[in-house]
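Derivation of every value follows stated rules applied to the coordinates shown; laboratory data play no part. Please read these numbers as outputs of a predicted model, since none were measured by experiment. Here the Cβ positions follow ideal geometry from the backbone for every residue, glycine too, while neighbour counts run over all protein chains shown.
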Amino acid sequence: MKSTLFLAAAALALAGTVQAQALDGAKLYTEKTCVACHGKDGTKPLTPEYPKVAGQNAKYAERQMLDIKSGARANGNTAAMKGVMHLVSDAEIKALAEYLSKLKP
Ligand code: HEC
């Protein structure tokens, strides 16, 4: 019984690590609907008022997304973006920011 518990705990710990490493920015970008508004490769936003996000500084993009999510950043255009921010965790935001920073503007 004890060893079964230990195995279960080890499996859980392993699953946690795998999940943390498996955050794939490119996949998240499509899965979390980002592509719908910011366009393929972050270069073709849905409307001219939406920002191009390709090649953006990763730290900056992460901060903007966290601020939009928390409500610290709120202007005329923020509502559209804020509406989907419940779909992403802080860790996913970081992975997305890193992915965006590597795209060609
Ligand atoms: C419904 C449309 C929509 C969706 C979906 C959307 N965004 Fe946005 N996004 C916007 C708009 C509009 C802004 C500008 C917000 C503002 O002006 O405050 C923005 C802002 C941003 C910014 C900040 C840009 C800057 O230069 O400050 C980043 C980074 C970003 N989005 C990435 C993402 C990612 C990653 C996703 C997917 C999780 C996503 N967006 C989903 C519309 C959207």
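A few remarks follow.
- Net charge, residue 79 excluded, C-beta distance under 13 Å - Lys, Arg +1, Asp, Glu -1: +2
- In order through the stretch 45-61: 3J(HN,Hα) via Karplus (6.51 cos²θ - 1.76 cosθ + 1.60), integer Hz, x for Gly, Pro: x, 4, 10, x, 7, 7, x, 7, 10, 5, x, 6, 3, 4, 4, 4, 4
- Taking Cβ atoms as reference points and 13 Å as the exclusive limit, the residues near residue 51 contribute a net charge of +2, counting Lys and Arg as +1 and Asp and Glu as -1.
- In terms of other Cβ atoms within 10 Å, 38, 86 run from fewest to most in the order 86, 38.
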